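K.L.:
Input: one structure, supplied below.
The values are calculated or read from the model by the stated rules, or taken from the named source; none is laboratory data. In this text, all values refer to a predicted model and were calculated from it rather than measured experimentally. Note that we place each Cβ from the backbone using ideal geometry, even for glycine, and neighbour counts take in every protein chain shown. What goes into the accessible areas is simple: the full protein's heavy atoms, side chains included, and nothing from ligands, DNA or RNA. Shrake-Rupley method; radii C 1.70, N 1.55, O 1.52, S 1.80 Å.
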Amino acid sequence: MGKKLSTKQFNELKKIVEAQGADFQKFAEGSEEYRQQAIKEGYESYKEKFPEVYGLPVDPTPDPDVPPTPTCGGHSHWDGSKCVCDPGYHDVNGECIADEEPPGPDVPPEPPAPNPAGVIYDSNTDGKWNDGNSRVVKGNDGDIKPNGKGIFTAASGSPEVHIDGKGTAILVTKPGFGRFYLCVTNFNAQLDFDFNIMDSSVDNMSIKGRSRHQAGGAPDNRFGGLGNATSTKDTDFKIEEYHNVHQQGYNKTLPTPLKEGEWYSKRYIYHNTPDDKGIKMEDWIDFKDGKGLVKVFERTETKPIAASMDKAMFDQESWIWFRLNGSGSIGFKNVKVTAL
């Protein structure tokens, strides 16, 4: 029959032919001349019988000698005695359902949704912690170039990061100070995540933001970071000028002790003061008691060293790191970094 018709075209043609009481198979097997003539005559006749289908005016005055044709539901028509499904449809419990269409071309999957405005790192979107790929990271995972959004391990205790592929990463270390770094440039930021201190052998979980600890070179080039540490009993802030050289620390007892083996949520905020002369740090914890995030500690450093204030340097390359002091395991999930 020449050019192959689509399913819709085929059904429409079959409908037109059969509306004339013709045998569609004979029509299909006839000569090209016959088919063209039949289509022309059938089309005109079909329009006269069913003008509403073609948007033509319908005679509003019914013929009293001709009983009205019952109105059938969608994808069905009156065959003279009952409503039947149109070609290309079949009856399922009184409803005309389309026959199975031939499979169409492969449709590529939708790309992952971008991070919300301001979110510069998401452990699932960027770190792919929930990609179904279970792995143990003993060196690096993903792109660890500046702002590559990958991670790498470092320090003592032979640290490993066990990513389950479902969104959870567990930092496991022998006695020491094992840590992993997020390769995300950061200066003023809000860090949100869920955590689980899994063992009593863990002294605390420490974080450094605005860190260039691994940059190398002179001390001014490798600012250690703005630190916050959380144990099951207290929290503290401590600024590291460069490797193992710290300023005075400040700590506070938690209003509610944490329990080993349970999940909590945390928010760590650090940003310059409005006059750009100081650095404010805030620690928030959700104790899972129905009260949501509660501010447990805050402090403003009024005399920050120059190496901690060079935004252009941190925008070029910087990291955030998570460290386990002691030994054992700490779980992390839903890690998000938002630029402030």
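K.L.:
Quick check: at a probe of 1.4 Å, how many percent of the accessible area of segment 196-281 sits on carbon and sulfur atoms?
P.N.:
Details: 1660 of 3940 Å².
Here it works out to 42 percent.
K.L.:
Which shape class, rounded, prolate or oblate, goes with segment 199-272 when its Cα gyration tensor gives a ≥ b ≥ c as root eigenvalues, a/c under 1.5 marks rounded, and past that a/b bigger than b/c marks prolate? Could you put the intermediate results ahead of the total?
P.N.:
On the way: a/c = 2.33, a/b = 2.11, b/c = 1.10.
Note, shape of segment 199-272 comes out prolate.
K.L.:
Starting from a Cα-only point model with no solvent, please compute log10 I(q)/I(0) by Debye for segment 241-340 at q = 0.18 1/Å.
P.N.:
-1.18
K.L.:
May I ask you to derive the FRET efficiency for Ser158 and Ile97 from their Cβ-Cβ distance with R0 = 41 Å, giving the value to the nearest 0.05?
P.N.:
Details: r = 61 Å, r/R0 = 1.50.
Between Ser158 and Ile97 the formula returns 0.10.
K.L.:
Let a ≥ b ≥ c be the square roots of the eigenvalues of the Cα gyration tensor of segment 153-194; is it rounded (a/c under 1.5), or, if not, prolate (a/b larger than b/c) or oblate?
P.N.:
oblate
K.L.:
Do the alpha carbons of any pairs in Lys174/Lys336; Lys259/Lys303; Lys145/Lys238; Lys291/Lys311; Lys166/Lys311; Lys145/Lys233 sit beyond 32 Å of each other, and which pairs?
P.N.:
On the way: Lys174/Lys336 27 Å; Lys259/Lys303 36 Å; Lys145/Lys238 27 Å; Lys291/Lys311 35 Å; Lys166/Lys311 35 Å; Lys145/Lys233 36 Å.
With Cα atoms farther than 32 Å apart: Lys259/Lys303; Lys291/Lys311; Lys166/Lys311; Lys145/Lys233.
K.L.:
Still on this structure, please answer the following. To the nearest 0.05, how large is the calculated FRET efficiency for His246 and Lys295 if R₀ is 25 Å and r is the Cβ-Cβ distance?
P.N.:
Details: r = 24 Å, r/R0 = 0.95.
For His246 and Lys295, the calculated efficiency is 0.55.
K.L.:
Now for a separate question. Starting from the amide H of Thr273, placed 1.01 Å from N in the peptide plane, find each other amide H under 5 Å away whose residue is 5 or more places distant or on another chain.
P.N.:
Sorted by chain and number, the residues that satisfy this are Gly278, Ile279, Lys280.
K.L.:
By the gyration tensor of its Cα atoms, with a ≥ b ≥ c the square roots of the eigenvalues, what is the shape of segment 115-269: rounded for a/c under 1.5, prolate for a/b over b/c, or oblate?
P.N.:
Numbers: a/c = 1.36, a/b = 1.05, b/c = 1.29.
Rounded, since a/c falls under 1.5.
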